[in-house]
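Below: one structure, written as structure tokens.
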2 protein chains.
Amino acid sequence: VRVGALGEFGLIERIARIARRHQGEWVVRGIGEDAAVLRPRAGQDLVLTTDAMVEGVHFRWRTLRPTVVGRRLLAANLSDLAATGARPRGCLLSIQTPVSLPVESLLGVVRGLARDGSRLGCPLIGGNVARAEQTSFSLTVAGSVRRGRALSRGRARVGDRLFVTGTLGRSALDLVRAERRHVPIRRVPEPRLEAGRALTELATTGACIDVSDGLLADLRHVLEASEVGADLDLARVPRPQGFAAACASLGQDPTRLLLDGGEDYELLFSMRPSAPTASALTRRLKAPVSELGFVTPRGLRVRTASGWLKPGRGGWRHF
Amino acid sequence: VRVGALGEFGLIERIARIARRHQGEWVVRGIGEDAAVLRPRAGQDLVLTTDAMVEGVHFRWRTLRPTVVGRRLLAANLSDLAATGARPRGCLLSIQTPVSLPVESLLGVVRGLARDGSRLGCPLIGGNVARAEQTSFSLTVAGSVRRGRALSRGRARVGDRLFVTGTLGRSALDLVRAERRHVPIRRVPEPRLEAGRALTELATTGACIDVSDGLLADLRHVLEASEVGADLDLARVPRPQGFAAACASLGQDPTRLLLDGGEDYELLFSMRPSAPTASALTRRLKAPVSELGFVTPRGLRVRTASGWLKPGRGGWRHF
């Protein structure tokens, strides 16, 4: 069945049925009217973020299954929320689709998103459907955080230590492998929601951002917003098991994937000098934490075994 | 200058500069990080809605100037919010654009939206920019309403009287005129925010919806959600001054424009039988109010001078 055969309201009804299976008790009103109603607790700040996936630009049906498209779109948005330390409350999906798109592709996206949303406390509560030549999905996520406690990229200070959760480079490697071997990407990075919330409770927390554009690109966002610089130690950038071998087998430069690879959705954060050790933070954030450098008055340098790297304009760009 | 020449971050900086001129004191953090932070008051429910405009489907640059595209997109979203009685708090704009789009077209959309948003208490606080083949703008608006007081389309009861604000058919007429005479549409309907808020304070208020798809289509949404029917009186459907003559000069059927014309963004609502008169409601809602029928157990009928109309599947469909 093609999307065009259902009609707008028929399509919305199918989407609503999937979404209604996955709600939360803070959802006063979900899909079905022009506007959704949430009831976050008093004394909380509301956090909002939005991100989109366009067919042919951010994904191809050939390399991503529909449920994975939905799950990755949600993960990208929730990662932005995690970087503020907020708890997700609900999301709205704006769909643009040609009438010729198979309904199952579209509902697969909704299903993947609604299921993960339910698991992560972020039910699908509304949205919009519009006709277009190119398929795209734009998601807006709402979350809440204790009043005045939202983390920011602008709070790094000279002398802060720099940390990152998990490992970097795996999503970039997935992408190269998928394109090279014509296999779909199945892995969906897990947004670091719990780690973000834990960071709001620590007095030593400085700046925080999620690594979506690449380590250096996102670190630059922190440095610009905080008006500081940084020294990184390449050897301390955490990499997945078997990373060097995987890079070699695909003919990839591991340094480039580590420093510029995007969409890993790990949290990069700074802490005042009196911060706990990386292993104490690992316990506190319930995620592996590595220390990889510190904040300087200006400039960005990466130390390698053979001297200093001068990074170019790396990172991902949409243009 | 084309969009592609600025790069993603250059473009975002230009958008942020426009948005920062138009903020509100409840905006804790606007454009500049991955997520925006709002602080609505305690004891309030958060209301969220989203809508999109796609070039070639919902607008053409030839018939809508960029500022008008932005203003109409905001009006469409705020009208959905008005139908819940919520007060707007802020909005996020997700932009999809080819690299060849002139920057001034894109910034014109942002400017129109940010200016009206500021005037209407709904600052632009965030968003996303993505490359695509087709230009489109997807907007999400967040608002708040007194706890438990959000209006709904599902609360009409048999015996309720039906009212509508303003007049209907003007937007449909604008569209015909613009297409026929190749002149751009300049008018932007004003969302009925104040009227919606006033309805939340009245004990006699039943159901409420905004007229975006057309009077009959939106009335049907109310009837389905409330599991009731309605009788309308065609002669009492409020029309703009000079409407009959304008329809005649353009060869349009006035009945069709009144009943099926969309995008007027008026509020259609029901009230318990003890409701004030239309003129008392006009004072209370600070908008012209007309009474145009009542709620019945089932079916939808429209009375005309020559008998009953059996409306077909009218109203606007995106497919």
Point to revise | Separation in nanometres of the label points that stand 7 Å from Cα toward Cβ, at B:ARG21 and B:THR255 | key: 4.9 nm
**Study point:** Alpha-carbon centroid distance for the pair the range B:22-75 / the range B:97-121, whole angstrom
**Key:** 10 Å
Study note, to complete from the structure: Hull volume per residue for chain A, using the convex hull of the C-alpha atoms, in Å³ is 132 Å³
Point to revise | chain A - percent relative contact order, Cα under 8 Å, separation 6 or more | key: 22 percent
Check your understanding: List the GluC sites (Glu not before Pro) in the range A:210-301 that DSSP assigns to loop (not H, G, I, E or B) and whose Cβ has at most 12 other Cβ atoms within 10 Å. Which are they?
Key -> A:GLU227
Practice item. Counting other beta carbons within 10 Å of each Cβ, put B:LEU281, B:LEU234, B:LEU113 in order, fewest first. Key: B:LEU234, B:LEU281, B:LEU113
Practice item. Using the 7 Å Cα-to-Cβ label point, sort the distances from A:ALA5 to its equivalents in the other copies shortest first and give them in nm to one decimal. Key: 4.8
Review point. Long-range amide H contacts for B:ARG89: which residues qualify at under 5 Å (H placed 1.01 Å from N, peptide plane, sequence gap of 5 or more or a different chain)?
Key: B:ALA142, B:GLY143, B:SER144
Practice item. Mind listing the label-point distances from B:ALA248 to the same position on all other copies, shortest first, one decimal in nm, points 7 Å along Cα→Cβ? Key: 8.8
Practice item. Might you report the magnitude of the Cβ-based charge dipole of chain B about its Cα centre, with Lys and Arg at +1 and Asp and Glu at -1, to the nearest 20 debye? Key: 620 debye
Revision key, fill the gap. Going from the fewest other Cβ atoms within 10 Å to the most, one would list B:VAL237, B:VAL1, A:VAL228 as B:VAL1, B:VAL237, A:VAL228
Review point. Using the Karplus equation 6.51 cos²θ - 1.76 cosθ + 1.60 (θ = phi - 60°), what ³J(HN,Hα) coupling, rounded to whole Hz, does each residue of the range B:162-173 give in order, writing x for Gly and Pro?
Key: 9, 10, 9, 7, x, 10, 10, x, 6, 5, 5, 5
Study note, to complete from the structure: In debye to the nearest 20, the charge dipole size for the range B:220-284, taken about the Cα centre with +1 at each Lys and Arg Cβ and -1 at each Asp and Glu Cβ, equals 360 debye
**Study point:** Taking the C-alpha atoms of the protein assembly as shown, convex hull volume expressed per residue in Å³
**Key:** 147 Å³
Review point. If you count the DSSP beta bridges with both ends in the protein assembly as shown, what percent of them are antiparallel, to the nearest 5?
Key: 75 percent
Review point. What is the distance, in nm, between label points placed 7 Å from the Cα along the Cα-to-Cβ direction at A:ARG14 and at A:SER306?
Key: 5.6 nm
Check your understanding: Once amide H atoms are built 1.01 Å from N in the peptide plane, which residues 5 or more positions from A:ARG239, or in another chain, come under 5 Å H to H?
Key -> A:LEU168
Review point. Once you charge only the Cβ atoms, +1 for Lys and Arg and -1 for Asp and Glu, what is the size of the charge dipole of the protein assembly as shown about its Cα centre, to the nearest 20 debye?
Key: 640 debye
Check your understanding: Where does the range B:12-58 land on Rg(C-alpha)/(2.2 N^0.38 Å)?
Key -> 1.50
Review point. If you take the charge dipole of the range B:43-87 about its Cα centre, with +1 on Lys and Arg Cβ and -1 on Asp and Glu Cβ, which of B:VAL69, B:LEU48, B:LEU81 is farthest toward its positive end?
Key: B:VAL69
Check your understanding: What is the spin-label model distance, in nm, from B:SER279 to A:VAL57 if the labels are put 7 Å beyond Cα along the C-beta direction?
Key -> 5.5 nm
Study note, to complete from the structure: If A:SER212, B:SER306 are placed from fewest to most neighbouring beta carbons inside 10 Å, the sequence is B:SER306, A:SER212
**Study point:** Residues with amide H under 5 Å from that of A:ALA83, placed H, sequence gap 5 or more
**Key:** none
Point to revise | Dipole axis of the range B:214-265 (+1 Lys, Arg; -1 Asp, Glu on Cβ), positive-most option in B:ALA248, B:GLY262, B:LEU232 | key: B:ALA248
Exercise for review: Work out, step by step, the length gained on full extension between A:ARG146 and A:ARG180: first 0.36 nm times the residue separation, then minus their alpha carbon distance; give nm to one decimal.
Suggested key: 7.7 nm
Exercise for review: Report the one residue of A:GLY121, A:PRO184, B:LEU93 whose Cα lies farthest in the direction of the positive end of the charge dipole of the protein assembly as shown (charges on C-beta: Lys and Arg +1, Asp and Glu -1; origin at the Cα centre).
Suggested key: A:GLY121
Review point. From the backbone phi of the range B:117-130, what are the Karplus-calculated ³J(HN,Hα) couplings (6.51 cos²θ - 1.76 cosθ + 1.60, θ = phi - 60°) in whole Hz, Gly and Pro given as x?
Key: x, 5, 4, 9, x, 10, x, 7, 10, x, x, 7, 10, 9
**Study point:** Shortest-first nm distances, B:ARG284 label point to equivalent points in other copies (7 Å, Cα→Cβ)
**Key:** 5.6
Study note, to complete from the structure: Note, the range A:84-100: 3J(HN,Hα) by Karplus (6.51, -1.76, 1.60, θ = phi - 60°), whole Hz, Gly/Pro = x, goes 9, x, 7, 9, x, 10, x, 9, 10, 10, 9, 9, 10, 8, x, 5, 7
Review point. What are the trypsin sites (Lys or Arg not before Pro) within the range A:175-236 that DSSP puts in a loop, where the Cβ has at most 15 other Cβ atoms within 10 Å?
Key: A:ARG186, A:ARG187
Practice item. Decide, for the range A:69-145, between rounded, prolate and oblate: order the square roots of the alpha carbon gyration tensor eigenvalues as a ≥ b ≥ c, take rounded if a/c falls under 1.5, and otherwise choose prolate if a/b is larger than b/c, else oblate. Key: prolate
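Since every read-out is calculated from the coordinates, none of them should be taken as a lab result. These figures come from a predicted structure and were not determined experimentally. So basically every Cβ, Gly included, is an ideal-geometry build from the backbone, and we count neighbours across all protein chains shown.
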